[in-house]
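For reference, the structure is listed below as structure tokens.
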Amino acid sequence: MSPPPGRYHGSNAVLRLLARFERPFSSWFGGDNSPFHHLGALTIYFFWIILVSGIYLFLFYDTSVSGAWLSLEKITHEQWYLGGIMRSLHRYASDAALITMILHMSREFLRGRYRGVRWYSWFTGVPLLWLVFIFGITGYWMVWDELAQYVAVATARLMDWLPIFSDPMVRNFLTNDTVNERFFTLMAFIHLVGLPIGLVLGVWFHLLRVRLPRINPPRTLMAGGFLALLALSLAVPAVSHLPADLGIVPMELRIDWFYLAIYPLLDASSEGAMWGGLWGLSILLCALPWLPPLQHPPAAIVHLPDCTGCEFCAEDCPYGAIEMVPRTDGRRFALEAKVDPALCVSCGICTGSCPSSSPFRKQQPLRTGIELPYFTMDDLKRRLDLAARRAAGPGPCVVLVGCDYSVPVDTLEEAGVAALSLPCAGMMPPAAIDYLLRNGGADGVILTGCDAGDCHFRHGDRWVTDRVARERMPKLRGRVSRERLLMSWHKPIDTSGLKTAVGAFRKRLDELPDNAPEQPS
Ligand code: HEM
Ligand code: SF4
Ligand code: SF4
């Protein structure tokens, strides 16, 4: 079976543009610490700041219509050094969470990580999007200032367009005397209790099919994010408008365009148009994974005669597609691997995890415990042999093993350098590196793929790095000379960066003493 065509991300114009935009951040922070590689985790981190600052505000907040504004004024001005900063942190972390969430969603979309078996994470993300907006809007409502008044009246108009309330909601906001105390307390309850619980449950559902989700950003990003919010809080403290007065129409409002842009839009259109737009957008977003349905490559398959039930593949699968079940073939092992095709994204990482994935084995055709039907272990061995033969030439010969989602490695072939591309760098079994250097006659091996911390299949770069460092099973054998192996992670547009790395590596190999490319075990 042939591999799916045209998967190189380096050839997609939108992704090239995205990579161009993100590349400076990877250079400044390092790939592992780039904010773009941790947008989901950053969103969660900002929610932590919102939670802690929110709890502090709640200690001093008065949930009544008459006391809300004044209690916030006291927090802001009488204890600006703590309460005021907490209020600003609360507001700016909310804006930051919305920004990182929208960027996270856009990035998953642009990188195509929302279709096929990944539909679930996308689909469960859509309600989260609206939940976060409602969270922010109810937050502004609780200040009960002129902005809150504007938001409340416009929301009531919007809700009354739907035939769900027997008493029009807008009646609550006709005069200062008609503002319903119980209704206001209900809004506070929704903001303080209902929405946080809904959000926690929503994120839990959202991450159900993602194995080992990265829910914490690196410490440097946490520290940087917090300091940026703190600096903003000190420079531009969050303050209220004048207290709400339903007797007058507020004239000058400072709109938070992140959360409240919908209201000026409502002023410029109509309630019907607004609902039409919101429902239309929601339906479109929910349907996107199937527009059009993805022709997904086939799922991994298990060969029981080569599976010892070691569980490594189940531990490494980034989408939890492998379940270990009781043995069905009567062999002495307790368990065997079983793939759920509805969860498998065909990344091949499991082939890299399987101790049976060894090109040194004499079996014909070569099999392993688990492999992709369109890129079997036998295919891999054949391509490694071919690449090693092609690489032979003047100077050190290097086999460059890349992935389909990063730099197109075949463009870097030249005398002494041969390339092959895998669905994911995590598919490369450590034994195959050993094989290239011992049997294949390569002087060096380069493993390359998506930028550090940004693997298209989430964990490929991490697992292969850990296996080479002998910190994860199956480990690279101790006899393999580390000087003859380079791991170099790049954005898909960074062909020149990879080319430079290849050149420098070959030069280094050339300077090595002319001995066999291996060390005693
Ligand atoms: C409260 C807001 C959200 C939070 C906290 C959040 C958080 C996360 C986290 C932590 C991950 C796992 C990242 C990893 O370990 O690789 C993730 C994955 C994902 N998120 Fe979100 N997310 C949110 C909203 C959204 C929205 C609105 C969408 C799109 C509608 C979305 C789409 C996705 C997709 C498609 C994945 C899976 C990517 C893959 O298969 O590799 N998320 N999210
Ligand atoms: S191909 Fe990838 S997603 Fe499928 S079972 Fe293997 S590791 Fe899991
Ligand atoms: S890694 Fe290989 S041997 Fe181990 S359980 Fe998976 S298929 Fe079986």
Problem - 29 Å Cα-Cα reach of LYS475 towards lysines, excluding residues that sit fewer than 8 places from it in its own chain - result: LYS338, LYS362, LYS381, LYS491, LYS499, LYS507
Handout entry: Between the range 420-475 and the range 81-129, the Cα center-to-center distance that results, in Å
Key = 32 Å
Handout entry: Amide hydrogen neighbours beyond the local backbone of ALA419, cut-off 5 Å, H modeled
Key = LEU400
Completion exercise
Toy charge model, Lys and Arg Cβ at +1, Asp and Glu Cβ at -1: the range 196-271 dipole around Cα centroid in debye, rounded to 20, equals 780 debye
Completion exercise
Residue by residue through the range 357-367, the couplings from Karplus 6.51 cos²θ - 1.76 cosθ + 1.60 with θ = phi - 60°, in Hz, x for Gly and Pro, are 7, 10, x, 6, 5, 8, 3, 10, x, 5, 10
Handout entry: For the range 374-521, diffusion coefficient by Stokes-Einstein and Kirkwood Rh (Cα), 37 °C, 0.692 mPa s, µm²/s
Key = 218 µm²/s
Problem - Antiparallel DSSP beta bridges within the range 358-504, as percent of all bridges there, nearest 5 - result: 10 percent
Exercise for the section: May I ask you to derive the relative contact order of the range 120-185, considering only C-alpha pairs under 8 Å and at least 6 residues apart, and to give it as an integer percent? Expected result: 17 percent
Problem - Gap separating the Cα centres of the range 231-253 and the range 344-373, nearest whole Å - result: 62 Å
Exercise for the section: Scan the chain and report its longest stretch carrying no chymotrypsin sites (Phe, Trp or Tyr not before Pro) that are both in a DSSP loop and have at most 14 other Cβ atoms within 10 Å. Expected result: 166-332
Exercise for the section: Go through SER481, SER240, ILE85 and say which Cα lies farthest out towards the positive end of the charge dipole of the chain; charges sit on Cβ, +1 for Lys and Arg, -1 for Asp and Glu. Expected result: SER481
Completion exercise
Expressed in Å to one decimal, the Kirkwood Rh of the range 255-380 from all distinct alpha-carbon pairs is 18.1 Å
Handout entry: Charge dipole (the chain, unit charges on Cβ, about Cα centre) - positive-most of THR328, PRO365, ILE134
Key = PRO365
Fill in the blank from the handout: Percent antiparallel among DSSP beta bridges confined to the chain, rounded to 5, stands at 40 percent
Problem - Principal semi-axes in Å for the chain [√(5λ), Cα gyration tensor, largest first] - result: 55, 25, 20
Fill in the blank from the handout: The longest stretch of the chain containing none of the GluC sites (Glu not before Pro) that sit in a DSSP loop with at most 10 other Cβ atoms within 10 Å is 1-251
Fill in the blank from the handout: Computed ³J(HN,Hα) along the range 226-235: with the Karplus parameters 6.51/-1.76/1.60, θ = phi - 60°, integer Hz and x for glycine or proline, the list is 5, 5, 5, 5, 5, 4, 5, 5, 6, 6
Handout entry: Derived scalar couplings ³J(HN,Hα) [the range 238-244; Karplus, 6.51 cos²θ - 1.76 cosθ + 1.60; whole Hz; x for Gly, Pro]
Key = 6, 10, 8, 7, 5, x, 4
Exercise for the section: Using only alpha carbon pairs under 8 Å that are at least six residues apart, calculate the relative contact order of the chain and give it in whole percent. Expected result: 15 percent
Completion exercise
The alpha-carbon center of the range 293-329 and that of the range 10-69 are separated, in whole Å, by 35 Å
Problem - For the range 83-179: rounded, prolate or oblate by the Cα gyration tensor [a/c cutoff 1.5] - result: oblate
Practice task
Add +1 for every Lys or Arg and -1 for every Asp or Glu among the other residues with Cβ under 15 Å from the Cβ of GLY30, and state the total.
Solution key: -2
Completion exercise
Yeah, the range 354-407 with a ≥ b ≥ c from its alpha-carbon gyration tensor (a/c under 1.5 is rounded, else prolate when a/b outruns b/c, oblate otherwise) is oblate
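Treating the beta-carbon of each Lys and Arg as +1 and of each Asp and Glu as -1, no other charges, what is the dipole magnitude of the chain about its Cα centre, to the nearest 20 debye?
Taking the Cα centre of the chain as origin, the dipole is about 2040 debye.
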Completion exercise
Looks like the range 114-244, by Cα gyration tensor root eigenvalues a ≥ b ≥ c and the a/c under 1.5 rounded cutoff (else prolate when a/b is bigger than b/c, oblate otherwise), is oblate
Completion exercise
Magnitude of the Cβ-charge dipole (Lys and Arg +1, Asp and Glu -1) of the range 316-461 about the Cα centre, nearest 20 debye, reported as 720 debye
Handout entry: Fully extended contour minus Cα-Cα distance, from TRP290 to GLN364, at 0.36 nm per residue
Key = 22.6 nm
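Return the calculated 222 nm mean residue ellipticity for the chain, to the nearest 500 deg cm²/dmol, obtained by summing -39500 (n - 2.57) across DSSP H runs with n ≥ 4 and dividing by the residue count.
About -14500 deg cm²/dmol.
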Problem - Relative contact order computed over the range 1-160 (Cα-Cα under 8 Å; 6+ residues apart), in percent - result: 21 percent
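Where a number appears in this text, it was derived from the coordinates with a stated rule and is not lab data. What you see is a predicted model; the values in this text were computed from it and never measured. Please note: Cβ atoms are built from the backbone with ideal geometry, for glycine as well, and neighbour counts cover all protein chains shown.
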